[in-house]
Amino acid sequence: MMIRAGLAAAVILAGLSVPAQAVLTVYTDQADFIATGATLAEDFEGVSAGQRDTGLLSLDLGNFRFLPDSADLVVASAGYMNFAAGVSPTASHVLTSNGDENFSGILQFAAPQGSLGMTLLLNDIGTAGIRFYGATGLMATVLFDVSTPNISFVGIRSDAAITSFVFVSQGGGIVNTGIDNLYTAALSAAPEPASWTLLMTGFAAIGIATRRRRRGLHA
């Protein structure tokens, strides 16, 4: 397992359970994450008026399916004012909940996704975090500094497929923390640069061993 994490002071990498030999990179800068090839996959702007600003038991948007834990999901329309000072009014539709925000997002893409990132709207009441999951279980937990209301970003890139995530904000409470702008990238079959180095070293060793065996046969 290889972990690369250049984390800002506001973010704590709290737990990792990455498949053996997997490479996991954590990003807290949106521009850096997009530069890896991730593209916007969902911004909730296409959610119909009838599904906004009301409690939902689930929300299926094609590539993502969202499910609440204890409270209902809410897609808060742009201009919503219930978020903390400095975060309100919202500039776009935001996925939140009408209780303590605790909901999951399940990836339903046709191809496995190796990158997932999102914007988070946070308050200063309680803890907040994201748990990322793969086929083998928990991949990473990222906790956020919520000492002041803020808009943050987190993304992970892995050579193991990401299957879902859980957003938890224990002090959210009635539509005042949430997520927006989900970015993804398909799982890449190309090895990381470090992996290429290991592969080339292995190929070289095989070549040397093969040549020595051939010399022994002709001696």
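Observations on the structure shown:
Matching residues to (1) surrounded by fewer than 17 Cβ atoms within 10 Å (Cβ to Cβ); (2) of a type in the set (A, V, I, L, M); (3) assigned by TED's automatic domain parsing to the domain that holds GLY105:
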| site | (1), (2), (3) |
| --- | --- |
| THR136 | yes, no, yes |
| ALA140 | no, yes, yes |
| PRO149 | no, no, yes |
| ILE156 | no, yes, yes |
| ASP159 | no, no, yes |
| VAL166 | no, yes, yes |
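- Inspection of the stretch 81-93 identifies at least one residue that is within 20 Å of the chain's Cα centre (by Cα) and within 24 Å of LEU57 (Cα to Cα).
- Of all residues making up the stretch 114-128, the number that are modelled with pLDDT of 85 or more, crowded, with 20+ Cβ neighbours inside 10 Å and either under 23 Å from THR148 (Cβ atoms) or polar (S, T, N, Q) (or both): 5
- Subset of the stretch 79-90 that is among the hydrophobic types (A, V, I, L, M, F, W, C) and not in a strand (DSSP E or B) - its residue that is farthest from ILE151 (Cα to Cα): MET81
- Residues of the stretch 91-129 satisfying the condition of being part of a loop (DSSP other than H, G, I, E, B) and either free of Cβ contacts under 8 Å to residues at least 40 places away in the same chain or touching a Leu at 6+ places or on another chain (Cβ under 6 Å) (or both): ALA91, ALA110, PRO112
- Search result, residues across the stretch 88-101 that are surrounded by fewer than 20 Cβ atoms within 10 Å (Cβ to Cβ), under 13 Å from LEU122 (Cα atoms) and of a type in the set (S, T, N, Q): SER88
- Scanning the stretch 27-52 for residues that are in a strand (DSSP E or B), within 15 Å of the chain's Cα centre (by Cα) and buried (at least 16 other Cβ atoms within 10 Å of the Cβ) yields TYR27, ALA41, GLU42.
- For the stretch 79-97, the condition of being modelled with pLDDT of 90 or more and over 27 Å from ALA185 (Cβ atoms) holds for none of the residues.
The values are calculated or read from the model by the stated rules, or taken from the named source; none is laboratory data. All values reported here derive from a predicted model rather than from experimental measurement. Neighbour counts run over all protein chains shown; Cβ positions are idealised from the backbone, glycine included.
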